[in-house]
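The values are calculated or read from the model by the stated rules, or taken from the named source; none is laboratory data. Not measured: the values here are computed from a predicted model. Cβ: placed from backbone, ideal geometry, glycine included. Neighbour counts: every protein chain shown. Note: areas computed on protein heavy atoms with side chains; ligands, DNA, RNA excluded. Shrake-Rupley method; radii C 1.70, N 1.55, O 1.52, S 1.80 Å.
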There are 2 protein chains.
Amino acid sequence: MPMPQPTIGVFDSGFGGLTVLRALLPLAPGTHFLYLGDTARLPYGAKSQTTISRYAVESSRFLEDHGCDHLVIACNTATALALPDIRDHVGIAVTGVIEPGARAAAEALARVSPGDHAGESGAVPAILVLATAATVQSHAYRDTCAALGLRAYEKACPLLVPLVEEGWTDHPVLRDVLRIYLREALEEMRAVGLRAEAVLLGCTHYPLIADAIRQALRELGSDAEVVDSAAATARTVAATLPVAATTGPATFACYATDSVEKFARLGSVFLQRNIPEVHLLDLGG
Amino acid sequence: MPMPQPTIGVFDSGFGGLTVLRALLPLAPGTHFLYLGDTARLPYGAKSQTTISRYAVESSRFLEDHGCDHLVIACNTATALALPDIRDHVGIAVTGVIEPGARAAAEALARVSPGDHAGESGAVPAILVLATAATVQSHAYRDTCAALGLRAYEKACPLLVPLVEEGWTDHPVLRDVLRIYLREALEEMRAVGLRAEAVLLGCTHYPLIADAIRQALRELGSDAEVVDSAAATARTVAATLPVAATTGPATFACYATDSVEKFARLGSVFLQRNIPEVHLLDLGG
């Protein structure tokens, strides 16, 4: 009897989680993905924990009810604020983006700073986490890094998502904004005795500006390694797949709670491939 | 028998409508205002007509049910996409922000270009409308201006709301972004034979950056007059109030569908006064 095809649900408030799906597709042959973008209620970044949790649980239940046997919360805000609630309300495995990202940053830090001790400057090697205001306020990255024995400094960068969505991913204004945010972050870290050895992209929009972030770090004299939590999450999820399922290309279907035309158009930028069909979904919100 | 105190409902997806309330308070002595910010579902700017209309009707009904005898839709997106639906679903007078704004811009245009004919350059005097993507896509300003016999050119400026909400209202990046948007808009207008004589702020966040917009226009060699649709709306609504009610200071109460702490904090920037109490409201979204 052939093994059933694994079905993985990928959930985000909008389009950013498609960078996680993009990283998953080549790593998960033979797997079917259901992507749900809760676009009618995006962005989650500025909303309260109660509201975000309610929205995320509704979306997670939809994906479980539609046959998913594994759920990826491809949204930093929902992972930071709602992961325990989601796990309480579904009966399948749930992977968020924060722990895989923090583990990948820890590996990067171990490569550049073996021993994790203070350098000659006296500054402690640490991870700089770039994220939305809500993710930073949750301190989910700080706490997860602390559990791995690492120091993390979290910097809110509220303008980066709008700049990516404006399409200004390679634009002088983006470079100015990155220099401002990164200079502030590096100075704030120095002031508390920390040295950024890895920069963790704590928002699924940021992989689209990873090159600009590397460039801005170089201009500021930092050689910190840029770590992408979308890619790290994809590797973690792929490692759970049964080997027998790894035949044939991965397939996917998309659901959105708002305009399917807009989802297909903007989503294809994040997924970097055409999205042939998007199903409209009413979660009653 | 004393006349009952007029109660006016002011609705927005978030905080921006507080610039309309701010303009209303000194013009409406003796009036009580109920402000509702649907912050759990903001921003409306990127959502579909169907979704925006459903949200706006729910909020409008709440305000009618709570004693309002006049409703101000202090949100350009909701006015552009949902005003007819709102009027169909409530039994009280409804004023949106677009028609008062367009009328004020028409008056400004009449002052600088009496006769409304092509100038020596051959370019036709016109109104440049700055707004969110959704307001522009609705063409509500273009159509309202056309009904007044005027040409309007609508320019989407998606980064301005995030910049205002970041607090960068007097910042080099804001000035760069304004120069880029305004230079593009003025060039696009010239290319179709239009000359901007008035610039209409078609988003309730923009009054907070009106000075920076005037400055950027001057730097680009434009002497177009900046017209604030929040102030124009306030004047229109105040003109409907019974004269007998105009005693004592206006009062207000605020409702928000998400974090009341955040509403009180960020809202006070838009209202430019302290917001002592915010009531949490669940519209079931």
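Measure of size requested: the Rg and Dmax of the stretch B:33-76, with Cα atoms as the atom set and Å as the unit; please supply both.
Just the Cα atoms of the stretch B:33-76 yield Rg and Dmax of 10.7, 31 Å.
Shielding of A:47-56 by partners, i.e. mean partner chain Cβ atoms within 10 Å per residue?
Details: counts 8, 10, 1, 5, 8, 2, 0, 3, 3, 0.
Mean partner shielding for this stretch: 4.
Relative to the compact globular guide of 2.2 N^0.38 Å, what is the alpha carbon radius of gyration of the protein assembly as shown, as a ratio?
On the way: Rg = 25.3 Å, N = 570, 2.2 N^0.38 = 24.5 Å.
That ratio works out to 1.03.
Can you list the distances in nanometres, one decimal and ascending, from the B:HIS139 label point to the identical position in each other copy, with the point 7 Å along Cα to Cβ?
5.3
Need the list of lysines near A:LYS262 for cross-linking: C-alpha distance under 25 angstrom, and skip anything on the same chain fewer than eight residues off.
Cα-Cα hits under 25 Å: A:LYS47, B:LYS47, B:LYS155.
Counting only protein heavy atoms and using a 1.4 Å probe, what share of the accessible area of the stretch B:1-158 belongs to carbon plus sulfur, as a whole percent?
On the way: 3070 of 5710 Å².
Carbon and sulfur together cover 54 percent of it.
Give me the one-decimal Kirkwood hydrodynamic radius in Å for the stretch A:195-285, with the sum taken over alpha-carbon pairs.
Here the Kirkwood hydrodynamic radius works out to 16.2 Å.
Could you work out Rg/(2.2 N^0.38 Å) for the stretch B:138-195, with Rg from alpha carbons only? Intermediate results must be reported in sequence, preceding the final value.
Working: Rg = 13.9 Å, N = 58, 2.2 N^0.38 = 10.3 Å.
So the stretch B:138-195 has a normalised radius of gyration of 1.35.
At q = 0.11, 0.13, 0.16 Å⁻¹, what is the log10 ratio I(q)/I(0) for the stretch A:127-285, with the Debye formula run over Cα points and no solvent?
-0.56, -0.75, -1.03
Taking accessible area as the heavy-atom solvent-accessible surface of the protein chains with a 1.4 Å probe, which residues of the stretch A:260-285 lose no less than 10 Å² upon going from the isolated chain to the full protein assembly?
Those are A:LYS262, A:ASP282, A:GLY284, A:GLY285, which lose 10 Å² or more relative to the chain on its own.
For the Cα atoms of chain B, what angle does the longest principal axis make with the long axis of helix B:260-271, in degrees from 0 to 90, nearest 10?
50 degrees
Using only protein heavy atoms and a 1.4 angstrom probe, determine the accessible area buried between B and A, summed over both sides, in Å² to the nearest 100. Mind showing how you got there, number by number?
Details: alone 12410 and 12430 Å², together 22620 Å².
Rounded to the nearest hundred, the buried surface is 2200 Å².
Using just the C-alpha positions of the stretch A:1-69 as equal point scatterers, what log10 of I(q)/I(0) does the Debye formula give at each q in 0.14, 0.18, 0.20 1/Å?
So the normalised log intensities work out to -0.47, -0.72, -0.85.
With viscosity set to 0.890 mPa s at 25 °C, what whole-number translational diffusion coefficient in µm²/s follows for the stretch A:31-179 from Stokes-Einstein and a Kirkwood radius over Cα pairs?
For these conditions, the coefficient is 143 µm²/s.
Buried by at least 20 Å² relative to the chain on its own: which residues of the stretch A:153-173 qualify, computing accessible area with a 1.4 Å probe on protein heavy atoms?
A:PRO158, A:LEU159, A:PRO162, A:GLU166, A:TRP168, A:VAL173
Tell me the distances, shortest first, between A:HIS279 and the same position across the other copies, using label points 7 Å along Cα→Cβ, in nm to one decimal.
For A:HIS279, the other copies' label points sit at 4.1 nm, shortest first.
So, how do all the Cα-to-Cα distances of chain B break down into 5 Å bins, in percent, from 0 on up?
Using 5 Å bins, I get a P(r) of 1, 6, 13, 17, 19, 16, 12, 8, 5, 2, 1, 0, 0 for chain B.
Pop the C-beta distance of A:ILE92 and B:GLU261 into the FRET formula with R0 = 41 Å and round what comes out to the nearest 0.05. Intermediate results must be reported in sequence, preceding the final value.
Numbers: r = 35 Å, r/R0 = 0.85.
My answer for the efficiency is 0.75.
If each Cα of the stretch B:154-245 is one equal point scatterer, what is log10 of I(q)/I(0) from the Debye formula at q = 0.10, 0.14, 0.16 Å⁻¹?
The computed values of log10 I(q)/I(0) come out as -0.31, -0.55, -0.68.
On a 0 to 90° scale, report how tilted helix B:210-219 is relative to the longest principal axis of chain B, with both axes built from alpha carbons and the result rounded to the nearest 10.
Roughly 0 degrees between the two axes.
Shortest first and in nm with one decimal, please list how far the A:GLU188 label point sits from its counterparts in the other copies (point 7 Å along Cα→Cβ).
Distances to the matching label points in the other copies: 3.5 nm.
Between the helical axis of A:98-112 and the dominant principal axis of chain A, each derived from Cα atoms, what acute angle in degrees is found, rounded to the nearest 10?
With both axes taken from Cα atoms, the answer is about 40 degrees.
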